[in-house]
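Contents: one structure, followed by commentary.
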C-alpha cells in the first residue's frame, strides 16, 4: 500500500471541492514564498481509512527552520484569502479561519519533556523531525502540497503500512511517559478507527499508565471530555478500564460491562450520560474527589453528585403505593443524566419504571398558575403563595387537577376554607 497510494486521487475523490482548492492554493502560496507546506495528522489518516475527515492540519517549514513560520504563513494566507488568524501558541501553532474553514497550522518542531506529564519544550525542526514527535504512526504521515509534488506521501514511521494492517503503534518506547494523554487517545482511537494495538505499544502503555497521575486536573478533564464525546464512548471507556487508565485518574474509578451494556440506551443524553454512569459506583467522598481531580465545571460536578444522591434514594422508589408526587419529591432537582443513568442501570423493574416516569413525564409537570395569577385571584402576599403553588404542583402530579380551571377552583376553595 505504501508504495502504491495515489494520495492526490484519494484526496480529490474524498474531500470537498472548496477544501481541495484551499489545499492546492496553500501549496502554491507556500512554494511562491519560501515555505514547504504539508497536510498532516487526522485528515491524512482518515483519507487513507476512507473516513469522513475533519478540519485540516497544515505543517510548515522553511529552509532555515524558525518557530514563527506557521504564524507568518497563516498571516500571508489570511491576507490572500481573506481570513483571520488567532494569536500563536507557545508551541508554534496558530488557527486560520477562512469562511468557516478552521485550519490548524503548525511550525515543524521537535519536542522534549522534562518529566512525565509536563508540557513539552519545543524547538524548530524539519518535517522528518516533526513526524517523530507524533503520538502514533497513523498520525505521523504527511502529504506534500507543493505544486510539483502535490500528493507525495512522507511516511518515515511506517504509518501507511500500519493503516493497511489496522495497527495502532507509538513511535518510540517513551511515548506514553512523555505525554500520558496519549494513553487516553489510544483508548479513543481503537474503537473509533477500528484499530488494534500492537503488542509492543500495549506493553508500553500498561507500563506507563501510572504517569497519568502527573497530569494536571484540566488536562485530565480535557481527555475525559474527548472520550465522552466519542461516537461510542462506552467502547473507549471499556478500553480505558482495561488499561487501568480510570484507576490512574482516581483509585477506585472504574467502568463495568453493565455500564457498557447500558450506555447505548442513553447515548442521546450526550456526554454527561456516560459521566453519570461512570459515577454510579462512587461514594460521596470519592465523587467529590473525582470532581476535584478533573476540575469539573459546575454542570459536571452536579451530575456526579446527583448520581450518587439518586443511588442513595433508590430504595425509596421501590415502596408500594408510591404516588407520583412522592416520586417527584424524591427525584426533583436531580440532574436528568443522573436519573437516566440509574433508569437504564438498575435491575429492579419497579424502580426503573419510576425513574423513567420521572424523566419522561413528571419532571415536566408544573402548575398552569403562577404567583402573579394567585395574587390576581385574591391570595394575599406572603408564604401562603408558595404553599399554594406547592399544593397545585402536588395536585397536578397526582391527577387531582388537569386544567387551569381546575387549579383556579382549588385556589378558590382554599381561600374560602
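Tabulated data
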| read-out | value |
| --- | --- |
| Filter result (in a loop (DSSP other than H, G, I, E, B) and closer than 25 Å to residue 210 by Cα) within the stretch 107-147 | 113, 114, 115, 116, 117, 118, 119, 120, 132, 133, 134, 135 |
| Matching residues, the stretch 337-351, being surrounded by fewer than 18 Cβ atoms within 10 Å (Cβ to Cβ) and in a helix (DSSP H, G or I) | 349, 350 |
| Any hit, the stretch 295-317, residues being in contact with a helix residue (DSSP H, G or I) (Cβ under 6 Å, 6 or more places away or on another chain), over 19 Å from residue 279 (Cβ atoms) and not in a helix (DSSP H, G or I) | no |
| Among residues of the stretch 76-88, those that are touching a strand residue (DSSP E or B) at 6+ places or on another chain (Cβ under 9 Å) and loosely packed, with under 15 Cβ neighbours inside 10 Å, counted | 3 |
| Members of the stretch 390-407 that are assigned to a helix (DSSP H, G or I), farther than 16 Å from residue 326 by Cα and at pLDDT 90 or above | 404, 405 |
| Members of the stretch 149-173 that are in a loop (DSSP other than H, G, I, E, B), in contact (Cβ under 8 Å) with a residue 12 or more places away in the chain and at negative phi | 150, 152, 155, 156, 157, 169, 171, 172, 173 |
| In the stretch 53-81, residue nearest to residue 125 (Cα to Cα) [restricted to those that are assigned to a loop (DSSP other than H, G, I, E, B) and out of contact with any helix residue (DSSP H, G or I) (no Cβ under 7 Å at 6 or more places or on another chain)] | 65 |
| Residue in the stretch 39-58 that is outside the structural domain of residue 213 (by TED's automatic domain parsing), closer than 17 Å to residue 128 by Cα and surrounded by fewer than 21 Cβ atoms within 10 Å (Cβ to Cβ) present | yes |
| Unique match (being part of a helix (DSSP H, G or I), surrounded by fewer than 18 Cβ atoms within 10 Å (Cβ to Cβ) and touching a residue at least 12 places away in the same chain (Cβ under 8 Å)) among 185, 206 | 206 |
| Complete set of residues in the stretch 255-294 that are under 18 Å from residue 238 (Cα atoms), within 18 Å of the chain's Cα centre (by Cα) and in a loop (DSSP other than H, G, I, E, B) | 255, 270 |
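The values are calculated or read from the model by the stated rules, or taken from the named source; none is laboratory data. Bear in mind the structure is a predicted one, so any value in this text is a computation, not a measurement. Cβ sites come from the backbone with ideal geometry, for glycine too, and all protein chains shown count toward neighbours.
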